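In what follows, a structure is listed as structure tokens, so that the remarks can point back to it.
The values are calculated or read from the model by the stated rules, or taken from the named source; none is laboratory data. Quick caveat, the model's predicted, so the values are computed rather than measured. Every residue, glycine as well, gets a Cβ built from its backbone with ideal geometry; the counts of neighbours run over all protein chains shown. Heavy atoms of the whole protein, side chains included, go into the accessibility calculation; ligands, DNA and RNA do not. Shrake-Rupley method; radii C 1.70, N 1.55, O 1.52, S 1.80 Å.
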Amino acid sequence: MSLRERLQQLPRHQKRLIQVVADVLLVWLALWGAFYLRLGSAAQIEPLGGHAWLFAIAPCLAIPLFVRAGMYRAVMRYVGNDALLTIARAVSLSSLLLVLAIYWHGYSSALVPRSMVFNYWWLSLLLLGGLRLLMRQYFQGDWYSVGLPFLGRPDTAVRVAIYGAGSAGNQLLAALRAAGSLRPVAFLDDDPQLAGRIISGLRVYPRGQLQRLLEDTAAREILLALPSVTHARRREILARLEPWPLRVRSVPSISALSSGQGRVQDLQEVDIADLLGRDAVEPHPELLERCIRGRVVLVSGAGGSIGSELCRQILGQEPCALILLEHAEYSLYRIHRELEQRLRQSGQSIRLVPVLGSVRDPRRLLEILQVWQVETLYHAAAYKHVPMVEHNVAEGVLNNVFGTLYLAQAAIRARVRHFVLVSTDKAVRPTNVMGSTKRLAELLLQAFSQECVLRLYGEPSVEPWPNQTRFIMVRFGNVLGSSGSVIPLFREQIRQGGPVTVTHPEITRYFMTIPEAAQLVIQAGAMGRGGDVFVLDMGQPVRIVELAEKLIRLSGLRIRDSLHPDGDIALAFTGLRPGEKLYEELLIGDGVTPTDHPMIRAAHEDFLPWASLCQVLAALEAAVRSGDVPLIRQILCQQVSGYRPEGGIVDWAWLQRQACETAG
């Protein structure tokens, strides 16, 4: 065990005793030095003679003041500017008291020059403050910032440059020096007035001198300490850094820092939203709270990516109660625990009810909606993974179509005011079962919206029910970081050394962040009058291969291909998966009108009357129960506009049954 480690492990009272003894010795040294500088000879200094009273009283005056000022409560590793100011005040006051002591003592045979006190003051500042700064560097193990590399540990830490020399950059620098795993070597900043200056021991390089920074410092990483800049600005910075062989990481956003969900030293990989350069539009508060504040709200699929974010956003609008409906136990436990913690921190008195249940259980759904008197419902429960649903067609239909049917009919019977369906761009001219089932779910709600009184499916003997529920559908593309998203897969493949797999060189997708999508879903739901299909403005589509290339480069690695055989990570094209198409669309037709929100548009889509849909549902239910996948696809092709399946049937159960029949 090193001396530094042994000192750090000493009990607190022993550390304080060592500090007090050291300060007494430094006070004596400062007093002796003050005499020597004034008198010019050690022969006239009498620490054990005529000046003994002065050497005795100086620490007696200084140490109590140091204790009172809290100098012995500070942790040496984190001594900063505040501690140095405290030392300056304590030393100044002790020097004034020493002047009074000399005045009261009066004439002495030993010479005590009055100017000696001034020397004592600045020497005490230098010795006491300097020792603490040196000890801080010693305990941090980083002597480089004070120009003493021969005293530091071996230079094995990764050398990093910090982009941003502001307050966040300096906080990050202090945290990195305390941790010791990374070695800060320079600042990089866009402010021309800071170029060439030294901040906290590091030189500031302008953005145009990145090549020189790398040559001077041999930095291997860039840490973005820019928590408050926009995504568009971060995209510009990342585009400038991308050509260089540097790994890029960043501190959390200003919203995460202010909410306590992140710390400056919590470095994270580059947010894919920064690469897209898309800045979210500020939400309209009146739309966010219109269907939520003071009401009982239910979210189905509450443990999923979109469902959980909807719950977070809803909680901020202060509903009367929030019902979390989820069929996966662990997912429900996780989101319930997170929301409970938020409520404790905020002090809100919102009732939070976790409910285990499936949207495929109509009796359970009706019981939940009636018991809790739900007023607003967000339906996010669905199977969304395209290849998985292609391999399990019947389950996809049961969950996405009949689950929506049962929940919508329960909402009508329980007189729920607002029903918002979270839909997808894959419902537009789909090439897969998932997209076609989501479009059929939209058709169901569109049909319900046209009926003031209707007979519910599966209950022909019951009298017609009055329909007082407004059904709204919100359609959008991929969300960043959702379950099944390609971005986490790319990061994992890069960590494992590749290859990074992309299905097709030309495949493109629309992207949006989960918080932005959830906010827009809530706002769109508040604008609907019934039967509305809202489409979110997803910006420009992005080629997936370009995202993969950017992630590789910003990880400090090079792409390996035929032109660069010595690269680090290869790209591999695996071919389109079952049901996957190259391009996604948001509209079936051309009819679209703007709304009060710049990011939300209203689509005008064709729909089927409820009586016709009941016949479709009956045929579809019979096909699902018999496991007749070809018939299911045929029904979907007939009823969903533009549905053109890509490739043959890949349903596992159907393929196995066919194989057994052929073998038999």
Compare 366, 421, 93 by solvent-accessible area with a 1.4 Å probe and give them largest first, with all protein chains kept in place.
-> 93, 366, 421
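Any idea what the dipole of the stretch 514-605 comes to, in debye rounded to 20, about its Cα centre with Lys/Arg Cβ at +1 and Asp/Glu Cβ at -1?
Working: 9 positive and 14 negative charges, 47 e Å.
It comes to approximately 220 debye.
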Quick one: how many lysine pairs in the chain have C-alpha atoms under 27 angstrom apart, if they're 8 or more apart or on different chains?
-> 9
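Charges at C-beta only: +1 for Lys and Arg, -1 for Asp and Glu. How large is the resulting dipole of the stretch 313-421 about its Cα centre, in Debye rounded to 20? Present the calculation step by step, with values, prior to reporting the outcome.
Working: 12 positive and 10 negative charges, 51 e Å.
With only Lys, Arg, Asp and Glu charged at Cβ, the dipole is about 240 debye.
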Compute the separation of the alpha-carbon centres of the stretch 36-68 and the stretch 157-194 and state it in Å as a whole number.
-> 43 Å
With a Förster distance of 60 angstrom and the Cβ-Cβ distance between residue 194 and residue 103, calculated FRET efficiency to the nearest 0.05 equals 0.80
Give the residue from 575, 512, 493 lying farthest towards the positive end of the charge dipole for the stretch 484-599; charges sit on Cβ (+1 for Lys and Arg, -1 for Asp and Glu) and the dipole is referred to the Cα centre.
-> 493
Among 134, 172, 531, whose Cα sits farthest toward the positive end of the charge dipole of the chain (+1 at Cβ of Lys/Arg, -1 at Cβ of Asp/Glu, about the Cα centre)?
-> 134
Longest segment of the chain lacking chymotrypsin sites (Phe, Trp or Tyr not before Pro) that sit in a DSSP loop with at most 12 other Cβ atoms within 10 Å | 108-582
Sorted list, accessible surface of protein heavy atoms, 1.4 Å probe, largest first, for 228, 555 is 228, 555
Once all protein chains are kept in place, residue 290 shows an accessible area at probe 1.4 Å, nearest 10 Å², of 120 Å²
Cα extents of the chain along the principal axes, largest first, in whole Å, come to 119, 62, 51
DSSP beta bridges in the chain [antiparallel fraction, %, rounded to 5] = 25 percent
